[in-house]
There are 2 protein chains.
Amino acid sequence: MSAAAPPAASAAKSPAIRDSQRIYSIAELAREFAVTSRTIRFYEDEGLIKPRRQGLQRLYSAGDRARLSWILRGKRLGFTLAEIKELLDLYNVDRTGLQQMRELLRRSRLHIEELERRKADLDAQIGEFKDVEMHVAAELRQRGVDPEGD
Amino acid sequence: MSAAAPPAASAAKSPAIRDSQRIYSIAELAREFAVTSRTIRFYEDEGLIKPRRQGLQRLYSAGDRARLSWILRGKRLGFTLAEIKELLDLYNVDRTGLQQMRELLRRSRLHIEELERRKADLDAQIGEFKDVEMHVAAELRQRGVDPEGD
DNA sequence: GTTAACGTTTACGTAAACGTCAATGTGGGT
DNA sequence: ACCCACATTGACGTTTACGTAAACGTTAAC
């Protein structure tokens, strides 16, 4: 029910109040998400994350962590950082104004459509490759070879 | 049986035997797929398509067309041209050798796994955005505003 | 015979998303 | 006081996927 990044979660109270209070170092997040610190700083330069600062050091909250996670998923989905920023910004804008809400609704729907298109592409490729898998496996069996096995 | 793109459909005989014989100019394909000729030539430089030549001019077969279509879908899915080339090459390799078939099977399965991972990412985002859509629409209705409507 | 539409190669330019130094700072152990 | 791991800010380099311009050939129309 509760989403993490854009659709910010309502502060969970029962479990993990400790987790939601945790702060992370840049290296910690880098390790966890298998990116370099350079990458995380770059995202900051691009306005995608804004960690608190203790002097010069960056301190990442659980929210920042979720944001990063969200950014990376966006990337895996093939969105550019600019697009991801737009989507993230969508939620941090005044959500009370009527115009903003209608806009948010509109953009969400557009984005969903885009995602559904991608899903169609994905399903098509998955289908094709499963076809290949089937045929090749069958052919191997016909030749008396076990398709499984090293 | 005859492969056009990777997993080509079985050659339909009843309809469109004319279509399978058609040849296309570079501009024709460019228009159809909404890319520039430059792009198509670039793909050729990268070894992704190899149209016949009539002197200098490129002549694209239906197979070439299907290949291009496949390439573009790969792109939409976020694969690099190098990855797409690998996948395309997979099918044009000797498919009779046992080793090649096992390899083909292995790679196909790996690719399917990758696609399934992406699909999970996709479904997650779709879910989040549908959540947003629901909430915002509900909020709008609560304020007595019709979520639909310009 | 020249204009237009289309094609060709060669070559340089560019935006995105980081990688890779280099120089410097900072906090904690010993 | 010294070292070490980790952090910081530039600044420049790199890869990918084309865009853009130059300079030229080919065919069809007028």
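Things worth noting here:
- Screening the stretch A:24-56 for residues that are modelled with pLDDT under 90 and farther than 22 Å from residue A:89 by Cβ and picking the one that is farthest from DNA strand C (Cβ to nearest atom) gives A:54.
- Some residue of the stretch B:120-129 being away from DNA strand D (no atom under 16 Å from the Cβ), farther than 26 Å from residue B:44 by Cβ and of a type in the set (Phe, Trp, Tyr): yes
- Candidates A:78, A:97 - the one that is touching a Gly at 6+ places or on another chain (Cβ under 8 Å), of a type in the set (Gly, Ala, Ser) and at pLDDT below 90: A:78
Listed here are the residues, each with its yes/no results for (1) surrounded by fewer than 12 Cβ atoms within 10 Å (Cβ to Cβ); (2) in contact (Cβ under 8 Å) with a residue 24 or more places away in the chain.
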position	(1), (2)
A:98	yes, no
A:103	no, no
A:112	no, no
A:118	no, yes
A:129	no, no
A:132	no, no
A:143	yes, no
A:146	yes, no
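- Within the stretch A:39-58, the presence of a residue that is more than 14 Å from DNA strand D (Cβ to nearest atom), surrounded by 15 or more Cβ atoms within 10 Å (Cβ to Cβ), of a type outside the set (A, V, I, L, M, F, W, C) and away from every other protein chain (no Cβ under 14 Å) is excluded.
The values are calculated or read from the model by the stated rules, or taken from the named source; none is laboratory data. Please read these numbers as outputs of a predicted model, since none were measured by experiment. We place every Cβ from the backbone using ideal geometry, glycine too, and count neighbours over all the protein chains shown.
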